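Everything below concerns the one structure shown next.
The values are calculated or read from the model by the stated rules, or taken from the named source; none is laboratory data. Note that the structure is predicted; figures quoted are calculated from it, not measured. Cβ sites come from the backbone with ideal geometry, for glycine too, and all protein chains shown count toward neighbours. Please note that ligands, DNA and RNA were not included when accessible areas were found on the heavy atoms of the full protein model with its side chains. Shrake-Rupley method; radii C 1.70, N 1.55, O 1.52, S 1.80 Å.
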Amino acid sequence: MAPTYDIEHLLLTQPSTRTVAGVDEVGRGAWAGPVTVCAVVTDLSEPPAGLTDSKQLSAARRGPLAAELAAWAAGVGFGEATHDEIDALGMTEALRRAARRALEALPVRPDAVILDGKHDYIGAPWPVRLEVKGDAASISVAAASVLAKVRRDAYMATLGYEEYGFADNAGYPSPQHQEALARLGPTPHHRLSWSYLDDLPDWRHLKLHRDPLVGEGQASLFG
């Protein structure tokens, strides 16, 4: 089924809601690179043909569709949290920062947010409606999913490190990526607080640990 505006229309029945943004992220499960969040506001017009969850689209289709979406949307905002922020702050806080950056980059401040998933990593003051598989249900979230995916994939392809295959795997743990890590170790773009390093005897000494005694947001190297 194609995404619809059903959720947007439901939120817009509230007297205080005039603008709704759809939000989605990409890069949460990658071993390298940033996490990217996109926020999209539409004028509730018909979206470009073929819009759906980005995971259901081929790379060849996502690129042209993203260009159409950027021209069609009433507003698009992007936010990112770097691999260093992820290591220092943890994924939840990194996602929160990236999402707020995306929302603040919109040309208008939304009165409500549709967030893909079941965990609200944005928080106050944004009024968030959680929607599991929102990227398949909501037009604005589906648009955000495609735009976020295309933007992050394009960035990862610029990093080089052909041995790791970033242009193809975008920092996710493909067989090529895992083999290169075991042989060559992490690049400057890898998340060093992640557990994959536990399985790399030659490189596990590089693992960065967040110190639980000082709370999230602090990081240190300790054994």
Is it true that D111 is closer than 28 Å to A60 by Cβ, among the acidic types (D, E) and assigned by the TED database to the domain that holds P15? no
Could you check how many residues of the range 1-40 are within 22 Å of Q56 (Cβ to Cβ) and assigned to a loop (DSSP other than H, G, I, E, B)? 8
Only one of these is within 18 Å of D153 (Cα to Cα) and touching a helix residue (DSSP H, G or I) at 6+ places or on another chain (Cβ under 9 Å): A70, A112. Name it. A70
For W126, only one of the following conditions fails: (1) among the hydrophobic types (A, V, I, L, M, F, W, C); (2) outside any loop (DSSP other than H, G, I, E, B); (3) more than 18 Å from V35 (Cα to Cα); (4) in contact (Cβ under 8 Å) with a residue 24 or more places away in the chain. What is its number? (2)
Of the conditions (1) open to solvent by 30 Å² or more (accessible area, probe 1.4 Å); (2) more than 23 Å from Y121 (Cα to Cα), the single one that A73 does not satisfy is (1)
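For residues that are surrounded by fewer than 23 Cβ atoms within 10 Å (Cβ to Cβ) and of a type outside the set (V, I, T), scanning just the range 12-30, find the one that is farthest from Q178 (Cα to Cα).
Of the range 12-30, the ones surrounded by fewer than 23 Cβ atoms within 10 Å (Cβ to Cβ) are 12-19, 28-29.
Subset that is of a type outside the set (V, I, T): 12, 14-16, 18, 28-29.
On the way: L12: 46, Q14: 49, P15: 52, S16: 49, R18: 47, R28: 17, G29: 14 Å.
Filtering the range 12-30 for residues that are surrounded by fewer than 23 Cβ atoms within 10 Å (Cβ to Cβ) and of a type outside the set (V, I, T), the one farthest from Q178 (Cα to Cα) comes out as P15.
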